[in-house]
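Notes for the one structure printed next.
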């Protein structure tokens, strides 16, 4: 399967990665996946994402939104720096496992998914602070 199709298949993993980056203020999980040279790096990154999401249950939440008779899932991230919203849901455990299995066999998949996550983060940081809900400093 083509890597861009894999990136679409694992969009929820990208949303999870981006949520962790926005919550922690650190790109370490996406950086490790961007530069992964072996499957152990992928496994460690996914472990860190899962651990962070478990700890941040109160600050990283999903919400349903209706628009044009469609229902969408939005992942909301709240931090001291601002409030962010990514269109899409967090990955389910079985999706994380499938990503881990496939990315461990093809590191290019890990890089593509990390690139999409980085795009989601950049998209949040380019929005005006008023839209993010953050306090202007």
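Since every read-out is calculated from the coordinates, none of them should be taken as a lab result. What you see is a predicted model, and the numbers here were worked out from it, not measured in a lab. In this analysis, Cβ positions are derived from the backbone assuming ideal geometry, glycine residues included, and neighbour counts consider all displayed protein chains.
How far is helix 39-55 tilted off the main Cα axis of the chain, in degrees rounded to 10, range 0 to 90?
30 degrees
Using only Cα atoms, tell me the angle between helix 93-105 and the longest principal axis of the chain; keep it within 0 to 90° and round to the nearest 10.
Its long axis makes an angle of about 40 degrees.
What label, among (i) 2, 11, 21, 23, 19, 13, 7, 3, 1, 0; (ii) 2, 8, 12, 14, 13, 11, 9, 8, 6, 5, 4, 3, 2, 2, 1, 1, 0, 0; (iii) 2, 8, 14, 17, 13, 10, 8, 7, 6, 5, 4, 3, 2, 1, 1, 0, 0, 0, belongs to P(r) over Cα pairs in 5 Å bins from 0, in percent computed from the structure on display?
This structure yields the entry labelled (i).
What nm value, rounded to one decimal, do you get for the distance between residue 123 and residue 87 when each label is placed 7 Å out toward the C-beta?
Calculated label separation equals 0.7 nm.
Give, as ranges by residue number, the residues of region 38-72 whose backbone N falls under 13 Å from the point 7 Å along Cα→Cβ of residue 24.
42-56
In degrees, nearest 10, range 0 to 90: what is the angle between the Cα axis of helix 107-125 and the longest Cα principal axis of the chain?
10 degrees
Pop the C-beta distance of residue 69 and residue 31 into the FRET formula with R0 = 41 Å and round what comes out to the nearest 0.05.
0.55
In deg cm²/dmol, rounded to 500, what helix-only [θ] at 222 nm does the chain give when every DSSP H run of at least 4 residues adds -39500 (n - 2.57) and the total is split over its residues?
-18000 deg cm²/dmol
Kindly rank 16-23, 114-121 from highest to lowest mean number of other beta carbons found within 10 Å of each residue. Kindly include the intermediate steps, with their values, before the conclusion.
Details: 16-23: 26.6, 114-121: 20.6.
So the peptides 16-23, 114-121, ranked by packing, come out 16-23, 114-121.
Under 8 Å for C-alpha pairs, at least 6 residues apart: give me the relative contact order for the chain, rounded to a whole percent. The partial results should precede the final answer.
Values: 201 pairs, mean separation 48.1, N = 137.
Reported relative contact order: 35 percent.
If a paramagnetic tag sat 7 Å from the Cα of residue 47 along the Cα-Cβ line, which residues of region 88-129 would have the backbone N under 16 Å from that point?
Within reach of a label on residue 47: 97, 100-101, 104.
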